Structure formats: C-alpha cells, structure tokens
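Heads up: the structure comes next, in structure tokens.
The values are calculated or read from the model by the stated rules, or taken from the named source; none is laboratory data. Please read these numbers as outputs of a predicted model, since none were measured by experiment. Here the Cβ positions follow ideal geometry from the backbone for every residue, glycine too, while neighbour counts run over all protein chains shown. When the accessible area is computed, the model is the full protein with side chains, heavy atoms only, and any ligands, DNA or RNA have been set aside. Shrake-Rupley method; radii C 1.70, N 1.55, O 1.52, S 1.80 Å.
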Amino acid sequence: MHELGIVMHVIKSVENVAQENQLDSISAVTLEIGEVSGVVHHYLTDCWAWAVKKTDILKDAELRIESLPAVTHCDGCQADYPTVEYGKICPHCGSDKTWLLTGTEMNIKEIEVPLPDSGDS
C-alpha cells in the first residue's frame with residue numbers, strides 16, 4: 001500500500017506551506033489524482049484519517065479528492081481519446097502508436113485555511 005507514503009508526503013508538504021505562511025491550522029486539502037495513477041482513493045482516505053490525527057496543524061483537516069481523466073494521444077491521427085474506455089488502440093484510426101497524455105498525475109490543488117475568528121460572539 002503506497003497510499004500511506006503518499007499521505008505522509010502530502011502532510012509534510014502541507015506542513016511546510018503552513019510554516020512558510022505562519023498558519024496555525026489547515027481545514028482541508030484537495031488532491032487531484034489521475035484516473036490511472038494506481039492510487040486507491042478509499043485507501044488514501046483511510047490513511048489520511050489515521051495520519052492527520054498525529055499532527056497539530058492538520059488534525060481536523062478534511063481530504064478532498066478530485067479525479068483527473070486519463071487521456072491518450074494517437075500519433076497516427078493526432079486525436080485524443082479516453083484511455084479507460086478504449087485502452088491503447090485508437091478508436092478513431094485503429095493505430096497502436098499511442099501514448100498516455102494525462103491520467104497518472106497527483107497534485108496538491110488546494111490548501112484551505114479556516115476563517116479567522118471575528119470575535120463577534
């Protein structure tokens with residue numbers, strides 16, 4: 001399960017951003033994960049729930065996941081098409097001279113910070 005390693009790397013990266021920006025807490029982190037990245041979303045969220053409890057800055061942070069579609073490019077006809085639906089063979093021209101354009105990436109898209117307390121109780 002490489003999801004725990006991913007979570008630990010994301011936490012470290014977010015903690016570094018928080019430190020650079022003098023933040024006390026993070027309320028949510030949004031990750032973009034490619035459709036064919038090999039990351040299992042429910043494993044990732046389980047690891048996140050366990051790991052953030054061991055931090056100060058992220059202890060209550062929500063993990064949000066946005067899936068990025070896998071897209072393949074065909075060198076034969078220059079078309080782009082959905083990888084998961086059609087695989088390596090281009091549905092437009094039948095060529096196998098294709099390559100994965102997107103779908104394996106994983107990015108930290110957003111780091112959300114709680115609004116400051118206005119003191120208007």
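Once you keep just the Cα pairs under 8 angstrom separated by 6 or more residues, what percentage relative contact order results for the chain?
Numbers: 203 pairs, mean separation 40.1, N = 121.
Relative contact order of the chain: 33 percent.
Given bins 10 angstrom wide, list per bin the percent of all Cα-Cα distances in the chain, short to long. Pair shares across the bins are 13, 34, 23, 17, 10, 2, 1.
Spatial offset of the stretch 1-25 relative to the stretch 79-117 amounts to 24 Å, using the alpha carbon center of each.
Can you give the net charge of the other residues whose Cβ lies under 13 Å from the Cβ of residue 57, counting K and R as +1 and D and E as -1?
Its environment carries a net charge of -2.
Checking Cβ-Cβ separations below 4.7 Å across the chain identifies 47 as cysteines lacking any candidate disulfide partner. Looking at the chain, the DSSP beta bridges with both ends there are about 65 percent antiparallel. Heavy atoms only, probe 1.4 Å: what % of the accessible area of the chain goes to carbon and sulfur, would you let me know? Ligands and nucleic acids excluded, carbon and sulfur reach 51 percent. Taking a Cβ cut-off of under 14 Å around residue 40, the surrounding Lys, Arg, Asp and Glu residues balance to a net charge of -3, with basic ones at +1 and acidic ones at -1. Overall, the anisotropy analysis places the stretch 67-121 in the prolate class: the square-rooted eigenvalues a ≥ b ≥ c of its C-alpha gyration tensor yield a/c not less than 1.5, with a/b exceeding b/c.
Of all lysines in the structure, those lying under 21 Å Cα to Cα from residue 59, and not within fewer than 8 positions of it along the same chain, are 12, 109. Compare the Cα positions of 4, 86, 26 along the charge dipole of the stretch 1-98 (+1 at Cβ of Lys, Arg; -1 at Cβ of Asp, Glu; about the Cα centre) and return the one farthest towards the positive end. Checking the options against the dipole of the stretch 1-98, the answer is 4.
Give the accessible surface of the chain per residue, rounded to a whole number of Å², with probe radius 1.4 Å and ligands, DNA and RNA excluded. Can you show the working numbers first?
Details: 7590 Å² over 121 residues.
Per residue, the chain has an accessible area of 63 Å².
Helix 41-52 and the longest principal axis of the C-alpha atoms of the chain enclose an angle of approximately 20°. What angle, in degrees between 0 and 90 and rounded to the nearest 10, separates the Cα long axis of helix 3-20 from the longest principal axis of the Cα atoms of the chain? Its long axis makes an angle of about 50 degrees.
Label separation (residue 17 vs residue 62): 1.7 nm, computed from points 7 Å beyond Cα along the C-beta direction.
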